[in-house]
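Input: a single structure, listed below in structure tokens.
The values are calculated or read from the model by the stated rules, or taken from the named source; none is laboratory data. Quantities reported herein were computed from a predicted structural model and do not represent experimental measurements. With ideal geometry, Cβ positions are generated from the backbone for all residues, glycine too; neighbour counts draw on all protein chains shown.
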Amino acid sequence: MLVIMTIYAFIARNNANTFDPKAIYIGLFTGMTWVVFFMIAASSSIISMEFQYGTIKELLYRKYYRGEILVSKWITMFLYSVYFMLLAFVYALILKVTVLNSNFQLSENYGYKHSILTTTIYTSLAQFVSLWLILSLVLLLANLFKSSAAAISVGIIGYFAISIISSLLAIVIKKWTWLKWNPLNMMNYPNQVASPSLKHITLLSTNELLIGSLVYMAIFLGISYVVFKRRSV
């Protein structure tokens, strides 16, 4: 991830007329995209591999409750995602100072009356919320597979499918406005944080998208909890 981020930083510096260095920095030099892939793979396998290799039985023999096992995995994935997010953010800041320092200043205004640094922080936090909306669904689907490879494949393919469908959803929402509350529309939260004008597409305020994301996250994790407790070993 760090190598690819470095490559993108040099591309942005050497091709400033073609690529917007500010936008590439705010996107953490594609670092967030790789964090999503890593976390989908980790979240898919952390549950399915327990059943694939039969290690879930060893945990249950030690008299751990199923709820304790699952919540411990959620906590592990949360800490893992925070680590990757901070790594991408800090390294992007290092690349800005070392590679793109002459291209722009972090104090410059960008987008919705915020500085570039402030916009990057807000966007990164919004992407973290969106990441966990995806991971809550991935953790639910991981309960349905015994093979980690199958779980990872479904998770990554599903991510691309969600990205495509969510971009086409605006047309449907305009026709049936009640569909604005669907979880795919909540995936637009990071984009709307960066560009509040997208409200005319999502038909929801930024706060409503945040609350909706958290509610769906709780629903998916709740269903995952029920499925895991009832799953046969």
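Key figures
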| item | result |
| --- | --- |
| In the stretch 99-136, the residues that are part of a loop (DSSP other than H, G, I, E, B) and either in contact with a Leu (Cβ under 7 Å, 6 or more places away or on another chain) or of a type outside the set (Asp, Glu) (or both) | Val99, Leu100, Asn101, Ser102, Asn103, Phe104, Gln105, Leu106, Ser107, Gly111, Tyr112, Lys113 |
| Set Ser213, Ser136, Ser163: member being closer than 26 Å to Gly27 by Cβ and surrounded by fewer than 20 Cβ atoms within 10 Å (Cβ to Cβ) | Ser163 |
| Residues of the stretch 39-81 classified as among the polar types (S, T, N, Q), within 14 Å of Leu141 (Cβ to Cβ) and touching a Phe, Trp or Tyr at 6+ places or on another chain (Cβ under 9 Å), total | 3 |
| Count of residues meeting criterion [surrounded by fewer than 19 Cβ atoms within 10 Å (Cβ to Cβ), assigned to a loop (DSSP other than H, G, I, E, B) and polar (S, T, N, Q)] in the stretch 143-160 | 1 |
| When residues of the stretch 163-198 are limited to those that are polar (S, T, N, Q) and over 29 Å from Ile116 (Cβ atoms), the one modelled with the lowest pLDDT | Thr177 |
| Test result for Ala9, more than 23 Å from Gly155 (Cα to Cα), assigned to a helix (DSSP H, G or I) and in contact (Cβ under 8 Å) with a residue 60 or more places away in the chain | yes |
| Residue check for Lys175: basic (Lys, Arg), surrounded by 14 or more Cβ atoms within 10 Å (Cβ to Cβ) and farther than 19 Å from Ser43 by Cβ | no |
| Flag for Phe29 being touching a residue at least 60 places away in the same chain (Cβ under 8 Å), closer than 28 Å to Thr6 by Cβ and aromatic (Phe, Trp, Tyr) | yes |
| Subset tally (residues that are farther than 19 Å from Ser81 by Cβ and either in contact with a Lys or Arg (Cβ under 9 Å, 6 or more places away or on another chain) or part of a loop (DSSP other than H, G, I, E, B) (or both)) for the stretch 13-33 | 8 |
| Single residue of the stretch 52-96 satisfying the filter (over 26 Å from the mean Cα position of the chain (by Cα) and aliphatic (A, V, I, L, M)) that is surrounded by the fewest Cβ atoms within 10 Å (Cβ to Cβ) | Leu60 |
| Per-region count, the stretch 182-221, residues assigned to a helix (DSSP H, G or I) and within 19 Å of the chain's Cα centre (by Cα) | 27 |
| Filter pass, Ala161 being of a type outside the set (Ser, Thr, Tyr), touching a residue at least 24 places away in the same chain (Cβ under 8 Å) and out of contact with any strand residue (DSSP E or B) (no Cβ under 7 Å at 6 or more places or on another chain) | no |
| Some residue of the stretch 41-63 being of a type outside the set (S, T, N, Q) and over 30 Å from Gly222 (Cα atoms) | no |
